[in-house]
Amino acid sequence: MGRSSKDKRDIYYRLAKEEGWRARSAFKLLQLDEEFQLFHGVRRAVDLCAAPGSWSQVLSRKLSSSSEASAVKIVAVDLQAMAPLPAVIQIQGDITKVSTAHEIVCHFEGQPADLVVCDGAPDVTGLHDIDEYIQAQLLLAALNITTHVLRAGGTFVAKIFRGKDVTLLYSQLRIFFREVTCAKPRSSRNSSIEAFVVCQGYNPPEGYTPNMSNPLLDHRYDVDFNQLEGPNRVIVPFLACGDLSAYDSDKTYPLQLDTGKEYRYVPPNQPPIRPPYQEACFLKKNNLLAKERPPSPRRTPAAPSDGDEVSRQAAAIQKLSVSS
């Protein structure tokens, strides 16, 4: 297959390269903003699980173009290294550590964030129950650190895998936010179980103290609002973002979209930093990969020496004398 094959099969992958985004996921945040006005009045934003940086790119471009661009601060957090971005402060750290939350607030000079976004996801196994559970735990980890850094009334956006327990997650999020919506951007493939929870109006329970040492909503914390059964398991409101004018992420488009505009291949905006296959690529490029060795020639056994023959005969004579 040629290198233009994916450009034809995935229109958002192609548009991401043409518009300079690091990944097609940038369009998901852009379409969520069109629907919910996420960036309105935002001056301090946090991007959790940020690598390779497409959502940080969106925050940088959108917030830096506002009238209060000089007061804008964006912090990106990920365990992996990420190529630098303009107006983005990077933290290579763990979102489950309270030290990471303190470092975020330190960059904001003690002020809480207005917006926290998280597009993180595990390496899927294909077993939906396991993938949904791991993604739910990642979502709760992101929510946990969000309670340390988000201001009252702020917004939290995160990826979610829609499964049988999505209403339970919704109930947990509703404890901390006045309005929670499960949204599916147009750029997210219909074949994917991913969606995004848009949580607006951060309003934690009275007396709640953020704590990284315990799981969120542990039943030992407070039985009055931790009972997520019965009426609390409500139906999650679901919203498909975008109208029919947007590109369909599951459709194949021709390479020449506009009449009179010739197709031109565009390489990816940002190659991966230190990918696992980097060493293998270097070895292959320099012809250093292990090659099959030719079979070694058979060696002719050496003729026995006179001493060996005498020893063999002595042993045979001893064996006969013992048996007799």
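A few notes on this one:
- Taken over region 51-79, the criterion of being of a type in the set (A, V, I, L, M), touching a strand residue (DSSP E or B) at 6+ places or on another chain (Cβ under 7 Å) and open to solvent by less than 10 Å² (accessible area, probe 1.4 Å) is satisfied by L59, L63, I74, V75, A76, V77.
- If you filter region 80-91 down to residues that are touching a strand residue (DSSP E or B) at 6+ places or on another chain (Cβ under 9 Å) and surrounded by 14 or more Cβ atoms within 10 Å (Cβ to Cβ), you find that the one that is farthest from V42 (Cα to Cα) is M82.
- Filtered residues of region 141-165 (kept if more than 21 Å from E103 (Cβ to Cβ) and out of contact with any Asp or Glu (no Cβ under 9 Å at 6 or more places or on another chain)): A152
- Scanning region 22-50 for residues that are outside any helix (DSSP H, G or I) and open to solvent by 20 Å² or more (accessible area, probe 1.4 Å) yields R22, A23, R24, Q37, F39, H40, G41, R43, R44, C49.
- Here V310, V236 are screened, and the one residue that is within 30 Å of R174 (Cβ to Cβ) and modelled with pLDDT under 65 is V236.
Each row is one residue, and each column tells you yes or no for (1) surrounded by 23 or more Cβ atoms within 10 Å (Cβ to Cβ); (2) on the phi > 0 side of the Ramachandran plot; (3) touching a Ser or Thr at 6+ places or on another chain (Cβ under 9 Å).
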residue: C106; (1), (2), (3): no, no, no
residue: V116; (1), (2), (3): yes, no, yes
residue: D123; (1), (2), (3): no, no, no
residue: L143; (1), (2), (3): yes, no, no
residue: G153; (1), (2), (3): no, yes, no
residue: F156; (1), (2), (3): yes, no, yes
residue: L168; (1), (2), (3): no, no, no
residue: P185; (1), (2), (3): yes, no, yes
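- Residue within region 97-117 that is farther than 20 Å from T209 by Cα, touching a Phe, Trp or Tyr at 6+ places or on another chain (Cβ under 8 Å), touching a residue at least 60 places away in the same chain (Cβ under 8 Å) and not polar (S, T, N, Q) present: yes
- Only one entry in V58, V77 is within 18 Å of the chain's Cα centre (by Cα), within 23 Å of N144 (Cα to Cα), hydrophobic (A, V, I, L, M, F, W, C) and outside any loop (DSSP other than H, G, I, E, B), namely V77.
The values are calculated or read from the model by the stated rules, or taken from the named source; none is laboratory data. Since this is a predicted model, take the numbers as computed values, not measurements. Neighbour counts are summed over all protein chains in view; Cβ atoms, including those assigned to glycine, are modelled from backbone coordinates with ideal geometry. The area values use the complete protein model at the heavy-atom level, side chains included, leaving out ligands, DNA and RNA. Shrake-Rupley method; radii C 1.70, N 1.55, O 1.52, S 1.80 Å.
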